[in-house]
Amino acid sequence: MEKASIDWYSMSDKGVLNLIGQFIQETRLQQNKTQQQVADSAGINRSTVGQIEKGNGGTLLSLLQILRVLEQLPVLQSFKTEQKISPLQLAKLEQQKRQRARNNDTSTNSPKVNW
């Protein structure tokens with residue numbers, strides 16, 4: 001599969017499925033595995049592997065199982081999210097940091113109250 005930039009938004013859903021199927025098929029063939037070997041290792045039917053490779057869909061779970069068998073789970077790296085703090089939130093957190101320690105000896109600072 002070529003590494004050229006792909007305009008994902010201009011592609012139809014079927015086009016995206018076809019591209020994913022091509023990726024699965026090419027990866028499987030590069031590893032010299034049959035559809036049956038992949039299916040057996042993934043715990044799915046061979047026809048499911050064939051359907052995904054043809055771009056006819058399948059479940060997300062089946063896709064994940066196939067990617068795991070083909071050792072291609074890192075292609076999902078772009079799904080990782082990182083929590084980013086805005087500069088304003090960072091400034092507020094900096095203001096809330098303690099600047100001084102307080103003496104915890106309360107016996108000398110406050111009078112004892114007897115009820």
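The values are calculated or read from the model by the stated rules, or taken from the named source; none is laboratory data. Note that the structure is a prediction, hence the values are computed from the model and not measured. Neighbour counts are summed over all protein chains in view; Cβ atoms, including those assigned to glycine, are modelled from backbone coordinates with ideal geometry. These area figures cover heavy atoms from the full protein model, side chains too; ligands, DNA and RNA do not enter into them. Shrake-Rupley method; radii C 1.70, N 1.55, O 1.52, S 1.80 Å.
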### Task
With a/c under 1.5 counting as rounded, go ahead and sort the stretch 61-104 into rounded, prolate or oblate using the C-alpha gyration tensor (a ≥ b ≥ c being the square roots of the eigenvalues; past the cut-off, prolate if a/b is larger than b/c, else oblate).
prolate
## Note on the structure
In terms of the alpha carbon gyration tensor, root eigenvalues a ≥ b ≥ c, rounded if a/c is under 1.5 and otherwise prolate when a/b exceeds b/c or oblate, the stretch 1-40 is oblate
### Task
Could you order W115, W8 by accessible surface area, starting with the largest, using a probe radius of 1.4 Å?
W115, W8
## Note on the structure
Taking only protein heavy atoms and a 1.4 Å probe, the highest-to-lowest accessible-area order of F79, F23 is F79, F23
### Summary
Any GluC sites (Glu not before Pro) in the stretch 2-104 that lie in a DSSP loop and have at most 12 other Cβ atoms within 10 Å would be E2, E71, E82
### Gain upon complete extension [L88, Q36; 0.36 nm per residue less C-alpha separation]
13.2 nm
### Query
Cβ under 14 Å from S47's Cβ, S47 left aside: what net charge do those residues give with Lys, Arg +1 and Asp, Glu -1?
0
### Message
With an 8 Å Cα cut-off and a minimum separation of 6 or more residues, compute the relative contact order for the stretch 1-90 in percent.
### Response
27
### Message
From the helices alone, meaning DSSP H stretches of at least four residues, give me the mean residue ellipticity at 222 nm for the chain, per-run term -39500 (n - 2.57), in deg cm²/dmol to the nearest 500.
### Response
-14000 deg cm²/dmol
### Message
Lysine pairs in the stretch 11-115 with Cα distance under 28 Å, only those 8 or more apart or on different chains: how many are there?
### Response
8
### Query
Among rounded, prolate and oblate, which fits the chain when a ≥ b ≥ c are the square roots of the eigenvalues of its C-alpha gyration tensor, a/c under 1.5 means rounded, and a/b larger than b/c means prolate?
prolate
### Query
Ranked by accessible surface with a 1.4 Å probe, highest first, in what order do K14, K33, K80 come?
K80, K14, K33
